[in-house]
Amino acid sequence: MSVTIDRDGEVAVVTVDNPPVNALGQALRQGLWDAVETLDSDPSVRAVVLICAGRTFIAGADVTEFGKPPVPPHLPDLVDRLEQATKPWVAAIHGSALGGGFEVAMGCRFRVALDSASVGLPEVTLGIVPGASGTVRTPRLAGVEAAVELVTTGRPVKAAKALSMGLVDAIVSGDLRAEAVAFARKTLVQPLPQPISARPVTSPDGAWWDDQRKAIARRARGEIAPLRALDCLRMAAEKPFAEAMAHERATFLELRASDQAAALRHIFFAERAAPKPAHLEAKPREIHSTAVIGGGTMGAGIAAALREAGLPVVLIERDAEAVERGLANLRSIFDGAVKRGKLTEAQARTRMEGVTAGSDYALLADTDLVIEAVFEDLSVKRAVFARLGQTCRADAILATNTSYLDPRLIAEGLPNPDRFIGLHFFSPANVMKLLEIVPTPTTAPGTLATGFALARQLGKIPVQAGICDGFIGNRILKRYRAEAETLVRDGTPIAAIDAAMRAYGFAMGPFEAQDLGGLDIAYLQREGARAAGQDVPETLGDILVRAGRKGQKTGGGWYGYAPGDRTPKPSDTTAGLLAGRIAAGPTLTAEEIASRLTSAMAAEGKAILAEGIALKPSDIDLVEVHGYGYPRWRGGPMFAAGG
Ligand code: 3HC
Ligand code: NAI
């Protein structure tokens, strides 16, 4: 860590260098404090530029210090000290100014950002509120509405938006240091603006705050920090600066010690550890060209994800008609993105132009990576890989997206099986962040490393999984659903189970989710296993599917649905079909139901770890949070069960 001072005439340049992200650990806080003191007492200095070395401006408080007692100088005091500096400080922002980093920037008299930079207050995503005046200075800098958006969502904003919101004073391009020094010089001939803490703030009326509260409560679904942040912002808008600061600090310290903050920190570090497991030593292969076999739900989603990463895609389907359907699937993904404002028409066109579609495998002769996403049928997949073995380069990486089939059987007979690997995407593949990476015993270390590198390229979270029925995620899902059915058999109403899991933080309960996705997929998989001679006991879901109740698409499954209405209603037909299987049992509370189901998930997770299917508990937590909607603020089933 270093804080160095050099000079450009009467402007001093303070450079912070604390790799990797210039987090505000104690030593950096002290270093900055000392720099303010030094420069205040140097009469030859008239203005100061604060700039950072490395990939980013200060990315926030040092999260690794959060489990420990705070050590002075405390960050709010440092921000105050900066604001009271006798010379104007200019924060020169590149990369991200986040959390404490943006708070330091607000202690400066001016903020100049590189056009590629972003700023934000992501504290609520760590289960806390800003702790160094983020809730108090931001409304004074940019108004209450902007502050509420920034603080309660935790979403950073890009430089252009930050300028329009009043969060930064200028955007520059090119040489940030030179531009910031020039900006600092200009400020010397103009009257200085007031320090932010002295600026006025106008509070909206009570009804506005109530509306915000309702909207945030709906969105946050059990998460504490966003609502507590709103309380801090209201305090900042209605009370004197010092009182609001005291409230913010107390809230910050309280939440920092909360279970939710611990869970969110656990996921934060798990996400950052996931792409770089210790055993991954081989060099990944570079991927410049890709192909997807099968343009259905998954194939189209995977192709969209590859295009989003800028990779050209060849899409192979069975025949001309299927090629057209595959292209239409892909087009509808991009059209949807245009409608939601995520892509411009021109970007959508470019995405489509990067796709070559056909049914001729000769198109794959020079492809670096092929991902198969055809029907979940061993013989169909084997036939595809036989052709890939004949047509692709001997060093092309060949991957399967199978959900349940044994990748070893799919790869049987493939020449150079060391380049074969499972890459299990989640639906919709262009949206869901999880990628299960499934090596076989013959997969080469370089192929495995390429799977991880691809995940990085696609912005996915990679988790390595061993081979078993359902890998990590679907195996736990099966256990979760089985436990939910056990509760139903023991007399707990279906709707009570769904409500309990929603109250726990899932967007949907297990039965609503099955009705949405369709009960037939899992049913067909069970039937397949039965046909193969496995002993798979009859499930309640089997009874429903056999009676034609496959979920919303058939007008009913676990629940009934009125035509055109997706609201689940308890169904007499379902009750009648299952009546003989349901015993009268004790009434469980919502907490007891959630505990039964999450404990079942954790128990399966333990078994998965014992068998070496998952490498570490936090990988299982990432799978559940990013693939199955487990509430992030609960930290995942393994964390919730005590690690
Ligand atoms: N504290 C400690 N370590 C941090 C950190 C932080 N705030 N932010 C990132 N790191 C570490 C990561 O764990 C990782 O470590 P590793 O190399 O040992 O795994 C390393 O820095 C690099 O991080 P990324 O892989 O995330 O790097 P990227 O370049 O992809 O992203 C970033 C950079 C956008 C700055 C991203 O790291 C990020 O979003 N960081 C978190 C920012 C944040 O949440 N700040 C608020 C903190 S809370 C706060 O400030 C409270 C205050 O109000 C009092
Ligand atoms: P789908 O039925 O929507 O699409 C399959 C596509 O493959 C169809 O378009 C079909 O025409 C094409 N196809 C079949 N045989 C082919 C061949 N020989 N050559 C070229 N194309 C061929 O199925 P979906 O849901 O996309 O699933 C595909 C694979 O992804 C399966 O292995 C499935 O288990 C897996 N998967 C599915 C998930 C889901 O949620 N749907 C999630 C994760 C994996």
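The values are calculated or read from the model by the stated rules, or taken from the named source; none is laboratory data. Not measured: the values here are computed from a predicted model. Counting neighbours? That spans all protein chains shown, and the Cβs are built from the backbone with ideal geometry, glycine included. Only protein heavy atoms, including side chains, enter the accessible area calculation; ligands, DNA and RNA are left aside. Shrake-Rupley method; radii C 1.70, N 1.55, O 1.52, S 1.80 Å.
The table that follows gives values for the structure above.
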{"quantity": "Pick from the range 296-351, criterion charged (D, E, K, R) and either at pLDDT below 95 or not in a helix (DSSP H, G or I) (or both), ranking: least open to solvent (accessible area, probe 1.4 Å)", "calculated": "Glu317"}
{"quantity": "Test: Ala365 is among the aliphatic types (A, V, I, L, M) and either touching a strand residue (DSSP E or B) at 6+ places or on another chain (Cβ under 9 Å) or within 12 Å of ligand 2 (Cβ to nearest atom) (or both)", "calculated": "no"}
{"quantity": "Test: Thr391 is more than 23 Å from Thr297 (Cβ to Cβ), touching a Leu at 6+ places or on another chain (Cβ under 7 Å), surrounded by fewer than 18 Cβ atoms within 10 Å (Cβ to Cβ) and among the β-branched types (Val, Ile, Thr)", "calculated": "yes"}
{"quantity": "Check on Gly556, in contact with a helix residue (DSSP H, G or I) (Cβ under 9 Å, 6 or more places away or on another chain) and surrounded by fewer than 16 Cβ atoms within 10 Å (Cβ to Cβ)", "calculated": "no"}
{"quantity": "Neighbours by Cβ (under 8 Å, 6+ apart or cross-chain): first from the range 375-395, closer than 25 Å to Ile287 by Cβ and touching a residue at least 40 places away in the same chain (Cβ under 8 Å); second in a helix (DSSP H, G or I) and more than 10 Å from ligand 2 (Cβ to nearest atom)", "calculated": "Leu388/Leu364; Asp395/Arg419"}
{"quantity": "Residues (of a type in the set (A, V, I, L, M, F, W, C) and either open to solvent by 10 Å² or more (accessible area, probe 1.4 Å) or part of a helix (DSSP H, G or I) (or both)) located in the range 459-481", "calculated": "Ile461, Ile467, Cys468, Ile476, Leu477"}
{"quantity": "Candidates Ala328, Ala303 - the one that is touching a Ser or Thr at 6+ places or on another chain (Cβ under 9 Å) and more than 9 Å from ligand 2 (Cβ to nearest atom)", "calculated": "Ala303"}
{"quantity": "Helices (runs of 4 or more DSSP H) enclosed by the range 87-153 - at least 2 residues per element that are of a type in the set (Lys, Arg)", "calculated": "134-142"}
{"quantity": "Residue in the range 484-495 that is nearest to Leu435 (Cα to Cα), counting only those that are assigned to a helix (DSSP H, G or I) and open to solvent by less than 40 Å² (accessible area, probe 1.4 Å)", "calculated": "Ala484"}
{"quantity": "Residue that is least open to solvent (accessible area, probe 1.4 Å), among those in the range 584-614 that are at pLDDT 95 or above and assigned to a loop (DSSP other than H, G, I, E, B)", "calculated": "Ile613"}
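The rows are residues; the columns are (1) within 16 Å of ligand 2 (Cβ to nearest atom); (2) open to solvent by 10 Å² or more (accessible area, probe 1.4 Å); (3) out of contact with any helix residue (DSSP H, G or I) (no Cβ under 8 Å at 6 or more places or on another chain).
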{"residue": "Phe57", "(1), (2), (3)": "no, no, no"}
{"residue": "Thr86", "(1), (2), (3)": "no, yes, no"}
{"residue": "Gly95", "(1), (2), (3)": "no, yes, yes"}
{"residue": "Ser118", "(1), (2), (3)": "no, yes, no"}
